[in-house]
1. Filter the range 226-238 down to the residues that are buried (at least 17 other Cβ atoms within 10 Å of the Cβ) and over 18 Å from the mean Cα position of the chain (by Cα) and list them by number.
2. Restricting attention to the range 199-211, and to residues there that are surrounded by fewer than 23 Cβ atoms within 10 Å (Cβ to Cβ) and in contact with a strand residue (DSSP E or B) (Cβ under 7 Å, 6 or more places away or on another chain), which single residue is farthest from residue 86 (Cα to Cα)?
3. Would you call residue 119 within 30 Å of residue 244 (Cβ to Cβ), within 11 Å of ligand 1 (Cβ to nearest atom) and touching a residue at least 40 places away in the same chain (Cβ under 8 Å)?
4. Between 209, 134, which is more than 16 Å from ligand 2 (Cβ to nearest atom) and either in contact with a helix residue (DSSP H, G or I) (Cβ under 7 Å, 6 or more places away or on another chain) or in a loop (DSSP other than H, G, I, E, B) (or both)?
5. If residue 175 meets every condition in (1) assigned to a helix (DSSP H, G or I); (2) under 14 Å from the mean Cα position of the chain (by Cα) apart from one, which number is that one?
6. Name the single residue that is surrounded by the most Cβ atoms within 10 Å (Cβ to Cβ) among those in the range 122-138 being within 15 Å of ligand 1 (Cβ to nearest atom) and without any contact (Cβ under 8 Å) to a residue 40 or more places away in the chain.
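What follows is calculated from the coordinates using simple rules that are stated; it is not laboratory data. Computed from a predicted model, the values in this text were never measured in an experiment. No Cβ is skipped: glycine too gets one built from the backbone with ideal geometry, and neighbour counts run over all protein chains shown.
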Ligand code: BJW
Ligand code: ZN
C-alpha cells in the first residue's frame, strides 16, 4: 500500500501541473452507480454477450430482441445517479486549460454530472435513429413503448449507438485523436481496453509523450504501458487523485 500511496502523490503532482488533459472512460466508471459492465459479473443479459447483441446483424435478425436488451438497460440507467467519479471529472474540467473527456459509455451519466467537454465515441442510449430515413431524435421514454419504436416515416428506429463493425462518428473521433495527441496527462478509467479503436488512444497518448495513468479494479492490457496504474474503485480513487 505504501507504493500505491507514493504513486498517488506522484500522479497528483502530474495532474496539478498539466495544462492539457484527456480522459478515457468505460463502463467501470458507472459500475458504482449500479449499471452492469459489459464483461464483468452481471454483464450478461439472458445469456447473451454484448458481442452477440451489439451488431447490425443481430438487429437485422431480431430487432425486438436487441431492443429488449436496450429497454432493460434504459430502465436501469434511468434509476441510476452519477457517482463520485463522474463528479470528480466534471469538477476537474474547468481547472484545466485544455480538457476532453472521451467516453465509450452511452449512459449519459457524465452529462448529468455536469461534464461539458465530452466526446461520446459510441453514441447515446437516449437517442434513436431511423433505419430508413436516417432521422435522429431523443427518446427518453421508460418503459419504452412501442417496442421497437417507430419514426414519423413509419420505419423502425434503432438505438443511435455504434455497434461492432460500424464506424465511430468521424468528427467525434477526430476530436478525441487531437486531444490525445496534445495531452500532457492521459487518464484511463474503468475500461477493459479491448474494444478498438477506443483502446488505441492510450498508446497514442503515451507515444506522444503524455503521462499515462490508469484506474481500474483489475489489471488490463494497458497496465504494463501505464506510467502509474491504480487498482481500486473509480468512485474512491478519482476524488483522491483529482481533489483540489
Ligand atoms: C472498474 C469498476 C470500478 C469495473 N472502478 N474500474 C482489432 C483491432 C481493431 C479493431 C478490431 C480488432 N478486432 C475486432 C475489431 C473491431 C471491433 C473490436 O474492437 N472488437 C474487439 C472485441 C476486439 N471494433 C469495432 O467494431 C468498432 N468499429 C470499428 O472498428 O469500425 C471499423 C470501421 C471503419 C470504417 C467503416 C466501418 C467500420 C466499433 C466498436 C463499438 C463498440 N460498441 C459497444 C456496444 C455498443 C454500446 C452499447 O450498447 O452500450 O460499446 S461494445 C461495448 O464495449 C460498449 C463499450 O463502450 C465497449 C467497451 O467496454 P468497456 O467500457 O471497456 O467495458 P468492460 O465491461 O469491457 O470493462 C469494464 C472495466 O471496468 C473492467 O476492466 C473492470 O475491471 C473495470 N471496473 N468496476 C474501476 N468500480
Ligand atoms: Zn424515418
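1. Pass one, the range 226-238, residues buried (at least 17 other Cβ atoms within 10 Å of the Cβ): 226, 228-230, 233-235, 237-238.
Selection gives 226, 228, 229, 230.
2. 206
3. Numbers: within 30 Å of residue 244 (Cβ to Cβ): yes; within 11 Å of ligand 1 (Cβ to nearest atom): no; touching a residue at least 40 places away in the same chain (Cβ under 8 Å): yes.
No, not satisfied.
4. Values: 134 fails: more than 16 Å from ligand 2 (Cβ to nearest atom).
209 is the lone residue from the list that is more than 16 Å from ligand 2 (Cβ to nearest atom) and either in contact with a helix residue (DSSP H, G or I) (Cβ under 7 Å, 6 or more places away or on another chain) or in a loop (DSSP other than H, G, I, E, B) (or both).
5. (2)
6. Taking the range 122-138 as the starting set, the residues that turn out to be within 15 Å of ligand 1 (Cβ to nearest atom) are 122-129.
Still in the running and without any contact (Cβ under 8 Å) to a residue 40 or more places away in the chain: 124, 127-129.
Details: 124: 17, 127: 18, 128: 25, 129: 16.
Ranking the qualifying residues of the range 122-138, first place goes to 128.
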